[in-house]
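Structure record follows, encoded as structure tokens.
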Amino acid sequence: MNIHNFEYPICRKIDIADAGSLAVSRADLGNYQEWLSAFSGRQKDHRYYEIVEDTLHPEFVHRYLVVKDGAGVTRAIQPFFVVHLDIAEGLSRGIKSLIRLIRRLWPSFMRVRTLMLGCAAGEGQLDATDETSRGMIARFLAVSLVDEARLRNAKLIVFKEFPAMYRESLDCLRHHGYSRVPSMPAVRLGIDYPSFDDYMRRALSGNTRTHLRRNLRASERPPGIDLQIIDDISPFIDEAYPLYLQVYEKSNLHFEKLTHEYFCDLGRRMPDKVRYFLWRRDGRLIAFSTCMLEGDTFCAEYFGLDYAVALDLHLYFRVFHDEVSWAIANGYRWYRSGPLQYHPKLQLRFRLEPLDLYVRHTSKIFNVALRWLLPLIEPTRYDPVLRKFPDHAELWGDETLPRQSHGHADAREQQ
């Protein structure tokens, strides 16, 4: 399989003094040809936002902010959604137990109507391809979103999970009352090796290699496991979806809950960027994963496991081995995975890839208190494993990561 090198179109500069915006619904997007090229070349382009709106969270209000210059030319289209946000989700179990007691008398306690800029099932992106345009769009959004939030009776504004490559562009938000705090980070791993065995030999410690090989041998016990790779999971979704639910329910920290329709539509509508891996044992599906492709990066998105056999067969490590082996064989240089499951990723020499939240209250008075509260309720505070990563300081650091944080350096340098 050939890897496509995506070329981003040049974005003309926006005169921020003359810019204006209009919030439109999905139905209105048909009037804007620019939407078809929004987030072009990204892992999650405009099609992904449409899939999320069509298949997830019908209770959310999805809208798209069309940014125009003084001449009426559309310069960017930024998706956002309105949700009642549970700001206690990232707290420790003990504190959440106390909050549940309070909510018996005060159901809305620590739940706030929020306007979130970005994607309801993924990271945020700015619809611009050069640093100058990104900065101009950010300065425009910093002001215009306050009016938009008040119009929609939202008390909080959140730029949701923007990669650290945007820190320079979004630094202007701090001057408009926003506070930056870390969200649960993604992770990345350099896989520019001839084979999985070479990765183990050159990147892992002796103890980790021994442990990993032992786990992989356990997954090879008869009757053995067969791997199938497809780009449409629809024929197998009734087998796969219950495995996803097992993983979802087992997690202590819940993000969006995906649906049958999400998994099916992803492959049907984005076949160029999506692959599904299915593992069977004696004909029975015991694991599956949903992966996306972007340039030279293999992105492991969501997976499901049959916990009746998953622990005994060490399926987590079998999934990792097979995905990385396929990615190496097909020329990918980076393996990227989403938040959580940090302990095995630490041992496997992943690096953290920070994701930032930019938050402000629409009231200047309440925003002062929010600045004090945010460091106490941000989710990374309560995960002890994150502090063990050598690059943990980057979660809060002010230094901007490289433009393409998974980009063009030699992957072996990251080990």
All Cα pairs of the stretch 329-373, percent lying beyond 17 Å: 58 percent
Per DSSP, loop GluC sites (Glu not before Pro) in the stretch 270-352 with at most 13 further Cβ within 10 Å: none
Label zone at Leu22 (point 7 Å along Cα-to-Cβ), backbone N below 20 Å, the stretch 128-164: 137, 140-141, 144-149, 151-152
Gln246 versus Ile365: modelled label distance in nm, points set 7 Å from Cα along the beta carbon direction: 5.3 nm
Cβ-placed point charges (K, R +1; D, E -1), dipole of the stretch 142-295 about Cα centre in debye, nearest 20: 660 debye
Between helix 364-377 and the chain: long-axis angle, C-alpha atoms, 0 to 90°, nearest 10: 10 degrees
Dipole of the chain, positive end: most advanced residue of Trp372, Ile225, Ile237 [Cβ charges, Cα centre]: Trp372
Farthest toward positive dipole pole in the chain [+1 Lys/Arg, -1 Asp/Glu at C-beta], among Leu216, Tyr276, Thr74: Leu216
Spin-label zone in the stretch 365-390 - amide nitrogen under 16 Å from a point set 7 Å from the Cα of Arg113 along the C-beta vector: none
Largest to smallest accessible area among Leu311, Leu22 [probe 1.4 Å]: Leu311, Leu22
Added length on full extension, which subtracts the Cα-Cα distance from 0.36 nm per residue, Ser205 to Ser37: 56.0 nm
Accessible solvent surface per residue of the chain, calculated while the other protein chains remain in place, 1.4 angstrom probe, Å²: 45 Å²
Within the stretch 285-324: backbone nitrogen closer than 15 Å to the Ser195 label point (7 Å, Cα to C-beta): 322
GluC sites (Glu not before Pro) restricted to DSSP loop in the stretch 142-228 with at most 14 other C-beta within 10 Å: Glu220
Dipole magnitude of the stretch 239-291, debye to nearest 20 (Cβ charges: Lys/Arg +1, Asp/Glu -1, about Cα centre): 180 debye
Helix 237-250 vs. the chain, principal-axis angle (Cα, 0 to 90°, nearest 10): 80 degrees
Sum of -39500 (n - 2.57) over DSSP H runs of 4+, divided by residues of the chain (222 nm, nearest 500): -9500 deg cm²/dmol
Heavy atoms of Tyr382 accessible to a 1.4 Å probe, total area in Å² rounded to 10: 80 Å²
Mean projected area in nm² (Cα convex hull; one quarter of hull surface) for the stretch 160-307: 12.3 nm²
Principal axis dimensions, largest first and in whole angstrom, of the chain by Cα: 66, 52, 41
Surrounding net charge for Pro375, when Lys and Arg each add one and Asp and Glu each subtract one, Cβ distance under 13 Å: +2
Sulfur and carbon atoms: percent of accessible area, the chain [1.4 Å]: 52 percent
Largest-first ordering by accessible area, 1.4 Å probe, given options Ile365, Ile377: Ile365, Ile377
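The values are calculated or read from the model by the stated rules, or taken from the named source; none is laboratory data. Keep in mind it's a predicted model, so treat the numbers as computed, not measured. Methodologically, a virtual Cβ is constructed for each residue, glycine included, from the backbone with ideal geometry; neighbour enumeration extends over all protein chains shown. Only protein heavy atoms, including side chains, enter the accessible area calculation; ligands, DNA and RNA are left aside. Shrake-Rupley method; radii C 1.70, N 1.55, O 1.52, S 1.80 Å.
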